[in-house]
Structure formats: structure tokens, C-alpha cells
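Visitor: Shown below is the structure under consideration.
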Amino acid sequence: MKLGIIGTGNVGCAIALAAVARGSAREIVLVNRTRRTAEAVATDIRYGVPLSPPVDIKDGDFDALAGSGVVLITSGVNEKTGGATDRNDPQGRLRLLDKNAAIYRDIVPQIVRAAPNAVLVAVTDPPDPLADIAHEAAGHDRVLSTGTYLDSLRFRVHLGRHFGVDPNSVEAQVIGDHGTSQVFLWSTARIAGVPVTELVQKRGEKLDDIRAQLEKDVRYVNITIIEGHDASQYGIGIVSARIAEIVLRDERAAIPIGSYQSEFGVTLSLPSIIGRAGVLEVMQPGLSPEERSALERSAEGLRNALRRVGN
């Protein structure tokens, strides 16, 4: 089970650390534009390996990716550097697409030459349209984006905090794009099988008030994190390591994750069964009319962004 990580910036390092701690792969290869940086990161983490599940972590060039089952791509301009930290900017992370599309078009063919059978995962922001860029450059369908998996976990955490329960007891999903037009599925959100809408009513609360504040907190939490710590990295690091595990172990786990959706003409997130070949099946959640319209708007925003960079 071999995992490749492209880029050893904040997110790449967080993924590497999470993957080692979790035992996500038996072999991990770090590739960076400046190899000395990748070597330093691999060396640093290696000294903690005796306390982790068995793993061989090392640096390398693109050829070292040969045999990888998954390659996670984190290279590119981040939100702070790219000026995507304005809560009032409707583009949000999509502001980073122009520069990062060029980087992906350079990197992806090199990955495919070395690891033609690997599942590719776009982690760089904005991950959904970058997965479309990667799909075109790779020439195959085994391309995912981290999509709204992290957003869904954030939704669960905030609901758990509001109702005073462990987030593991919360069933809730965010679909669409990993950005400002993401869609929160309130109609199917549940705690211990009880609809959240029902719990709100029993508590004498107003759903609209809870919804407005919670969606705002989740939608812009990346900016809140960046304002305090320069980069949003640890949550996506753990999520990316988990995605790698699902693929490498052929788990057939069902998670909200980004893949190309022919109905919408772009990559966006829907609950999907994931295994060694990538997406094995896309599930179609029941949507309220409002949620369906919001998903259409999310897809339209992604299509417009892709037209801008010529995909």
C-alpha cells in the first residue's frame, strides 16, 4: 500500500503526519518542487515512526511514485497567499483557480507517467475544478477531489456542539462544491436517527436562526482558522489521510466526496462509495426543492469558473 503526496507545504505536511500516525499506508513518498524540503519533512517524521504503525516514509522525485495506489496533490497557491480570505467575496476559493490550474496542468502528466494506475486526489483549493483539470490532464477517470468531506465533518461537529452530543452520533452532509455555494442537507440531518428539524422544534428553537449562524460558521471557518494560525491544514490533513486509506484498503466506504458528475458537467460532491478504483457508485440523496436549487447554483458556479480557465 503506497501513498504519494505532492507538495510539502502546510497541508502536505499535515497529511504526511496524519497518514503516519493513522497507519494509512505502508509506504509514503513525498515529492516537492524543492526536494530538500521533502527530504527534511520525511526525515523529521521518520524519527516518530517507532511510535506509529509500521511505515516507510521517504522523499523522491516523480519517478519514485511508481506503484502508488493513491497520489494526493497539495501543490499550489494557498488561500492566504492567493487573497481568498474575504468573507464578502462570492468567489471564495475559486479566486485561486487560475494560478493553480496552471500548476496542475504541469504536475499531473508527470504523476501519470510514473504512476499510471493511481487514483489522483485534488486537495489544493479549489479542489473541485482542479479535479476537472486533473481529469483532463490525466486522461482517465480515477480522479477525485476532497470535496465536501471536511465540510460535512464540520457540519457534524457544529451540530454536535449545539445539541450537546458526540459528533459521531450526528448524521449530516454537505454536498456541492467545497466553497461558498456548498449545500447543507438539513432535510436529512439526524441525531441518533431523530431529524434535527424535529429536535429543534422540541427545544422551542427556530431552525432559521440556528441554520443561518451554523452555516456561516462552517462556510467560513477556514478563514477563521487562517486569521488565527495562517493556514487551515490539520482537518484537511486528517481527511486526506482517511481518503487514502479508503482507496488503498478498498473499503467501499460511503462518504461525501468530489468526482465528475455528468449530470452537472463538473466535479462536485455527492455521497459516493469509494474503493481501490476510485468512485464505485454515486448515491443520490433525497433533496428538498430548496436543496436541489442550491445544488444547481453550486454546479453553475463551478462551470463558470472552469470556463474562465479554458477547461
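The values are calculated or read from the model by the stated rules, or taken from the named source; none is laboratory data. Quantities reported herein were computed from a predicted structural model and do not represent experimental measurements. Quick reminder, even Gly has a Cβ in these numbers, built from the backbone with ideal geometry, and neighbours come from all protein chains shown.
Visitor: Of all residues in the range 219-275, which are over 20 Å from ASN10 (Cα atoms) and assigned to a helix (DSSP H, G or I)?
Guide: Residues satisfying the conditions are ARG219, GLU245, ILE246, VAL247, LEU248.
Visitor: Another one. Give the residue, chosen from SER75, SER68, that is part of a loop (DSSP other than H, G, I, E, B) and in contact with a helix residue (DSSP H, G or I) (Cβ under 7 Å, 6 or more places away or on another chain). Explain how you work it out, then say what you get.
Guide: On the way: SER68 fails: in contact with a helix residue (DSSP H, G or I) (Cβ under 7 Å, 6 or more places away or on another chain).
SER75 is the lone residue from the list that is part of a loop (DSSP other than H, G, I, E, B) and in contact with a helix residue (DSSP H, G or I) (Cβ under 7 Å, 6 or more places away or on another chain).
Visitor: For GLY275, work out the one condition from (1) of a type in the set (Gly, Ala, Ser); (2) touching a residue at least 60 places away in the same chain (Cβ under 8 Å); (3) under 16 Å from THR146 (Cα atoms) it doesn't fulfil.
Guide: Unmet for GLY275, out of (1) of a type in the set (Gly, Ala, Ser); (2) touching a residue at least 60 places away in the same chain (Cβ under 8 Å); (3) under 16 Å from THR146 (Cα atoms): (2).
Visitor: For the range 111-154, name all the residues that are surrounded by fewer than 24 Cβ atoms within 10 Å (Cβ to Cβ), among the hydrophobic types (A, V, I, L, M, F, W, C) and in a loop (DSSP other than H, G, I, E, B).
Guide: The answer is ALA115, and nothing else.
Visitor: A further question follows. Starting from the range 24-44, take each residue that is closer than 25 Å to ILE246 by Cβ and list its partners that are among the acidic types (Asp, Glu), counting only C-beta distances under 6 angstrom and pairs at least six apart or across chains.
Guide: Listed by first residue and then by second, the contacts come to SER24/GLU245; GLU27/ASP56; LEU30/ASP59; ALA38/ASP59; ALA42/ASP59.
Visitor: Determine whether the range 231-249 contains at least one residue that is among the aliphatic types (A, V, I, L, M), more than 21 Å from ALA172 (Cβ to Cβ) and surrounded by fewer than 20 Cβ atoms within 10 Å (Cβ to Cβ).
Guide: So far as the range 231-249 goes, yes, one or more of its residues are among the aliphatic types (A, V, I, L, M), more than 21 Å from ALA172 (Cβ to Cβ) and surrounded by fewer than 20 Cβ atoms within 10 Å (Cβ to Cβ).
Visitor: Turning to a different aspect of this structure: Can you tell which of LEU295, LEU270, LEU287, LEU302 is surrounded by fewer than 18 Cβ atoms within 10 Å (Cβ to Cβ), aliphatic (A, V, I, L, M) and touching a residue at least 12 places away in the same chain (Cβ under 8 Å)? First the steps, then the outcome.
Guide: Working: LEU295 fails: surrounded by fewer than 18 Cβ atoms within 10 Å (Cβ to Cβ); LEU270 fails: surrounded by fewer than 18 Cβ atoms within 10 Å (Cβ to Cβ); LEU302 fails: surrounded by fewer than 18 Cβ atoms within 10 Å (Cβ to Cβ).
From the options LEU295, LEU270, LEU287, LEU302, the qualifying one is LEU287.
Visitor: Cβ-Cβ below 9 Å, separation at least six or inter-chain, first residue in the range 77-106 and within 18 Å of LEU302 (Cβ to Cβ) and of a type in the set (S, T, N, Q), second assigned to a helix (DSSP H, G or I) and at pLDDT below 80: which pairs?
Guide: Every condition considered, the pairs that remain are ASN100/GLY82.
Visitor: Then there is this: Return only the number of the condition from (1) touching a residue at least 24 places away in the same chain (Cβ under 8 Å); (2) over 22 Å from ILE274 (Cα atoms) that PRO50 does not satisfy.
Guide: So the condition that PRO50 fails would be (1).
Visitor: Let me ask another. Any residue at all in the range 30-43 that's in contact with a strand residue (DSSP E or B) (Cβ under 7 Å, 6 or more places away or on another chain) and closer than 19 Å to THR146 by Cβ? Before you say what the answer is, go through the steps one by one.
Guide: Residues of the range 30-43 in contact with a strand residue (DSSP E or B) (Cβ under 7 Å, 6 or more places away or on another chain): 30-31, 35, 38-39, 41-42.
Of the ones still in play, those that are also closer than 19 Å to THR146 by Cβ are 30-31.
Yes; the residues of the range 30-43 include at least one that is in contact with a strand residue (DSSP E or B) (Cβ under 7 Å, 6 or more places away or on another chain) and closer than 19 Å to THR146 by Cβ.
Visitor: Being in a helix (DSSP H, G or I), outside the structural domain of GLY176 (by TED's automatic domain parsing) and either touching a Cys at 6+ places or on another chain (Cβ under 7 Å) or over 17 Å from ALA131 (Cβ atoms) (or both) narrows it down to one of LYS80, LYS99, so name that one.
Guide: Details: LYS99 fails: either touching a Cys at 6+ places or on another chain (Cβ under 7 Å) or over 17 Å from ALA131 (Cβ atoms) (or both).
Answer to the check: LYS80.
Visitor: Could you figure out which of (1) of a type outside the set (Gly, Ala, Ser); (2) surrounded by 15 or more Cβ atoms within 10 Å (Cβ to Cβ); (3) closer than 20 Å to VAL121 by Cβ isn't true of ARG26?
Guide: (2)
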